[in-house]
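Worksheet: the structure to be examined is printed underneath.
Bear in mind these aren't lab numbers, they're just calculated from the coordinates by the rules spelled out. Note that the structure is predicted; figures quoted are calculated from it, not measured. Every residue, glycine as well, gets a Cβ built from its backbone with ideal geometry; the counts of neighbours run over all protein chains shown.
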Amino acid sequence: MFGLTQQPNASRHVIGVCLTLLMLAAHIPVTQAALTIGATRVVFDSDKRSTSVIVANPSNRPFAVQTWVNTASDDDTTAVPFIPSPPLFRLNPGKEQQVQINGLPNKLPPDRESLFYFNVQEIPQAEANDGNVLNIALRTRIKLFYRPSQLKDNPIARLKDLQWSIKNVGGQPHLVVNNPTPFHVSFIRLDVTGNGQSHAVQNATMVEPLGNQSYPLNGFKPNNNLQVVFSAINDYGGYSTPLTQPIQLAP
């Protein structure tokens, strides 16, 4: 009986705390990174010893900056064959810093790209007149593609080799792309059209080299004569010319 009589009070307390947190969250402004990176992705050619990226501070306050490279798992224990230099530096207002990403000997696959991430973390410098202001360290993370020198093709030219199909997965239609190329493909546009239907895949997951990826087509009714219209991000962050290809219906 004791537990039964205390339950309502406990519930009201929890609800009250939740409402208070929600009200506070509504008044917290969205924080954006102050520093900028002069690229949206990095391509590291295996026959080069290093590549470089520009980190700029267009804000009106100084920052301490930390840089490192890690894997998709985003941990600090997996060994990676890259060392940024400098790994830690001060960046004053209106200034830029060139960060050199140095490659190390490795045993990465020679027949395909390997994916890593270049990280830039900005640490605000505390100032005497800040008072009780909360300083938050923000991080920007961009893809770093390690590209073996044996790969002579242009990644954008190989987009035509992607193979498309629609399969039933768990009772729902899925668009499936098979990537026979040695390059990663990041879609900026991915539309399925045909017979009066159109479905735009939002935030399409990148497809890995020699791999495949599926995308749910909720509410879409598969039929013959379907096509996919897609565009991908190139090495410089630009977009490829949209391609249109037929879609096969899996049996």
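What to note about this one:
- Calculated diffusion of region 36-147, Stokes-Einstein form, Kirkwood radius summed over Cα pairs, 25 °C and 0.890 mPa s, µm²/s: 162 µm²/s
- Sorted by Cβ density within 10 Å, fewest first, the residues F89, F118: F89, F118
- Taking a straight line from the alpha carbon of K160, these lysines sit under 18 Å away, with near neighbours fewer than eight places off in the same chain left out: K152.
- Label-point separation, S73 to D191 (7 Å along Cα→Cβ), nm: 4.0 nm
- Stretch gain in nm, segment R90-A137, where the contour uses 0.36 nm per residue and the Cα spacing is subtracted: 15.5 nm
- Label-point gap, in nm, between N102 and D47 - each point 7 angstrom along Cα→Cβ: 2.3 nm
- Look at I247, I188 and count the other Cβ atoms within 10 Å of each Cβ; fewest to most, that gives I188, I247.
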